[in-house]
Amino acid sequence: MPELSGLASSELSEHVDVLAESIVARQYSRQKELWKPYGEVGRARAVRYARNHIEFLANAVGLEEPGLFVDYSAWCKVVFHHRGLPDSALATTLECTREIVAEILPAALTGAVLPVVAAAIDYLPLAPVDIDAFISSDKPYGSLAANYLARLLEGNRSAAGYLIGNAMGAGAKVEDMHLHVFQPCQWELGRLWQMNRITVANEHYCTAATQLIMSQLYGYIFGGSRNALKMVSTCVGDEMHEIGARMVSDLFELNGWDTHYLGANVPAESVASTIEKLNPDVLAISATLVSHVSAVKNLIRQVRESPAGARAKILVGGHPFRIAPGLWQKVRADATGVDALQALQAANGLLDTT
């Protein structure tokens, strides 16, 4: 079955343009009045979105993780709902996807794809259209996180930084700010965009401000004792959601590691050459989107081909690995962690640093 799933995934990726155009054409013919006001510009956008659907589907199929596509479809339901589209819009998209895949893909491969689409269709009526906030006053530093995000959304980066500085002056730890303020605020920004309450510009401003404020804590991070361990962290492919990987790197550095943070959009060959040059104990790889999981798998394969890469322990993290607990094994990593602290604990466990 894994071989069949891999072939089906490759077939989806190879024919993504034909599939996307066909899905949109059928959906537009089936829901003419719904899509008519959007014109040709809207149709072109719909094709781009359909390509995204196929890319997410291809990854879920190839990894034999239907939950990845189910989760993505549930995410889309929230996005559609809060932008004024009826539930029937996404439901019809999925139905058309099922039909077009059955018509275009070889019959021998559809058995690996159609059950994944069916799982998403079946779950869709149960998926919520609202998501609980990631920040609440009953969580550690919850009030600080709420105030911090409010200042950022006002465009007041200085006031947000002042709040963090005050907390540090009162005895807060860097890891507290990372795990209980910066991390839930980033998740909350994603939720607010998903529910159409902020714009992409808002999210980018807040993220950039948080990165700047995080850098202002480096005086606390680099002042401790060292442990002779070395870590490289990176994001895969064209992944631009880099702040999670940076938090991991900062927390490792705070705990005595010599860290090399490569950031976002790093080609696989550059990561592999860095591993060969630095010979680290750990490589941490972050992926936020399901469509990037295959890139994680390919990067790990490429890194493992060198002696240094074969020796290094590899950690993976990000949203796909939180929703599919066994996914880290399928990409052939050594461990995963739902956040920076768990990543550090996993690394210590793998290296037996106690």
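A few points about this structure:
- Three-way shape label, the chain, alpha-carbon gyration tensor, a/c 1.5: oblate
- Choice from Gly142, Gly169, Gly161 with maximal GNM fluctuation in the chain (Cα, 10 Å cutoff): Gly169
- Helix-derived mean residue ellipticity, 222 nm - over the chain, DSSP H n ≥ 4, -39500 (n - 2.57), to 500: -20000 deg cm²/dmol
- Prolate/oblate/rounded label for region 273-354 (Cα gyration tensor, a/c 1.5): oblate
- Extension gain, Lys36 to Ser143, is 33.9 nm, computed as 0.36 nm per intervening residue step minus the present C-alpha separation.
- Extent along principal axes [Cα atoms of region 99-248; Å; largest to smallest]: 64, 41, 28
- Each of Asn196 and Lys277 was given a label point 7 Å from its Cα along the Cα-to-Cβ line. The distance between the two points is 4.7 nm.
- Comparing Lys313, Lys77, Lys330 in a Gaussian network model of the chain, where Cα atoms under 10 Å apart are tied by springs, the biggest mean-square fluctuation is seen for Lys330.
- Here the Gaussian network model covers the chain, with springs between Cα atoms less than 10 Å apart; of Asn202, Asn166, Asn59, Asn166 fluctuates the most.
- For the chain, the number of Lys pairs separated by eight or more positions or lying on different chains, with C-alpha atoms closer than 19 Å, is 7.
- Look at the dipole of the chain built from charges on Cβ: of Ser249, Gln31, Ile213, the Cα furthest out on the positive end belongs to Ile213.
- DSSP loop GluC sites (Glu not before Pro) with at most 12 other Cβ within 10 Å: longest gap in the chain: 1-153
- Between 0 and 90°, nearest 10: helix 107-123 axis offset from the chain longest Cα axis: 70
- Angle in degrees between helix 293-304 and the longest Cα principal axis of the chain, rounded to the nearest 10: 50
- Global form of region 217-354, assessed from the alpha-carbon gyration tensor, a/c cut-off 1.5: rounded
Read the figures in this text as sums done on the coordinates, not as results from a lab. Being a predicted model, the structure only gives us computed values, none of them experimental. A quick note on method: Cβ atoms are made from the backbone with ideal geometry, for glycine too, and the neighbour counts reach across all protein chains shown.
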